[in-house]
1. Pull out all pairs, ordered by first then second residue, where Cβ-Cβ is under 8 Å, the residues are six or more apart or on different chains, the first lies in segment 130-148 and is touching a residue at least 24 places away in the same chain (Cβ under 8 Å), and the second is in a strand (DSSP E or B) and of a type in the set (D, E, K, R).
2. On the basis of being modelled with pLDDT of 95 or more, assigned by TED's automatic domain parsing to the domain that holds Thr77 and under 26 Å from the mean Cα position of the chain (by Cα), does Ser174 make the cut?
3. With respect to Gly109, is the statement that it is assigned by TED's automatic domain parsing to the domain that holds Trp61, crowded, with 17+ Cβ neighbours inside 10 Å and either of a type outside the set (Asp, Glu) or assigned to a loop (DSSP other than H, G, I, E, B) (or both) true?
4. Could you check Glu198 against (1) modelled with pLDDT of 95 or more; (2) surrounded by 15 or more Cβ atoms within 10 Å (Cβ to Cβ) and say which number it fails?
5. Anything in segment 112-150 that is in contact with a Pro (Cβ under 9 Å, 6 or more places away or on another chain) and in a strand (DSSP E or B)? List them, or say none.
6. Surrounded by 18 or more Cβ atoms within 10 Å (Cβ to Cβ), more than 14 Å from Asp62 (Cβ to Cβ), in contact with an Asp or Glu (Cβ under 8 Å, 6 or more places away or on another chain) and among the hydrophobic types (A, V, I, L, M, F, W, C): which single residue out of Leu153, Leu132 fits that description?
7. Applying the selection to segment 151-164, what residues are farther than 14 Å from Leu199 by Cα and part of a loop (DSSP other than H, G, I, E, B)?
8. Filtering segment 146-171 down to residues that are at pLDDT 95 or above and of a type in the set (Val, Ile, Thr), which residue is nearest to Gly64 (Cα to Cα)?
Amino acid sequence: MADPHNLVGASPTAGRMSATPDVPNPLAKETPVTRKSLLAFALTGASLLSLTQAHAAVITWDLGTPSGLLGVSQDYTAGPIVTITATGFVNGNFALATNQTALFGKSDGAGEVGLGLNDDPTQSGGVSEHELHGTNWIQLDVSKAIAAGVTNLSFTMGSSTGCTAVPCTTGGDSWRVFGSNSATSLGAQLPGLIGFDELLSHPLPTGFDFFNFQAVTGNVLVGSISGDLAEVPEPATLTILGTALLGLGFVSRHRRTGGSI
């Protein structure tokens, strides 16, 4: 057997692995086309991301539509299917269903637009004015709107004329608003929300799911409710954004693996 320690006559390269020089992979080189594709996808993705950022949009529930005789309860929808619900009551005891009374949508223009009640005894030209009056109340349930992300709720009143101050002593119209977190409770009168104006916007405080409106003197209409809602990106925009992001991933993967575009 040959002596493994005797290296005389052995090849100088024996026992060593031959080294093969690294050969550059021409496909792994970033070509101008690859750089342009990456840049195009990046710009597209950035642009679409800026387009899909949420922005607050003002939505308004017009309580004069639908008009005419309604039921004791009525849903109103605004924006991307955000609903509030109005219910009429003959007095402040909301716990009894027998105290509910029919609503009436009024759309006569010039401040005479909003939600009232069918049983208004006040008449004009021999016809009921169909407004909120006396001991009656209109309750607005805004809980679904709040759950949908609506903020900064506000309201306007209609058909409120003849007063110059509160309490009204001139025989005109005035109103007040209560806040509650129960559909069966009147709640408490909200500070500052007693007035005699119409068509002016009044902010509603946070922390309440129900707002209850009453005419203090005369008869009035609950005109509208408004709020801010963060816009949701359109489905088509989201699809394009997803495609752009997939494209970015595709280009990045092929760049790492040395593939061609």
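The values are calculated or read from the model by the stated rules, or taken from the named source; none is laboratory data. Note that the structure is predicted; figures quoted are calculated from it, not measured. Virtual Cβ from ideal backbone geometry, glycine too; neighbours counted across all protein chains shown.
1. His130/Lys106; Glu131/Lys106
2. Numbers: modelled with pLDDT of 95 or more: yes; assigned by TED's automatic domain parsing to the domain that holds Thr77: yes; under 26 Å from the mean Cα position of the chain (by Cα): no.
For Ser174, the condition - modelled with pLDDT of 95 or more, assigned by TED's automatic domain parsing to the domain that holds Thr77 and under 26 Å from the mean Cα position of the chain (by Cα) - is not met.
3. It is false that Gly109 is assigned by TED's automatic domain parsing to the domain that holds Trp61, crowded, with 17+ Cβ neighbours inside 10 Å and either of a type outside the set (Asp, Glu) or assigned to a loop (DSSP other than H, G, I, E, B) (or both).
4. Here Glu198 clears every test but (1).
5. Passing the criteria: Ser128, His133.
6. Of Leu153, Leu132, the one residue that is surrounded by 18 or more Cβ atoms within 10 Å (Cβ to Cβ), more than 14 Å from Asp62 (Cβ to Cβ), in contact with an Asp or Glu (Cβ under 8 Å, 6 or more places away or on another chain) and among the hydrophobic types (A, V, I, L, M, F, W, C) is Leu132.
7. Initial filter on segment 151-164 (farther than 14 Å from Leu199 by Cα): 151-153, 162-164.
Hits for segment 151-164 are Gly162, Cys163, Thr164.
8. Filtering first and then ranking leaves Thr156.
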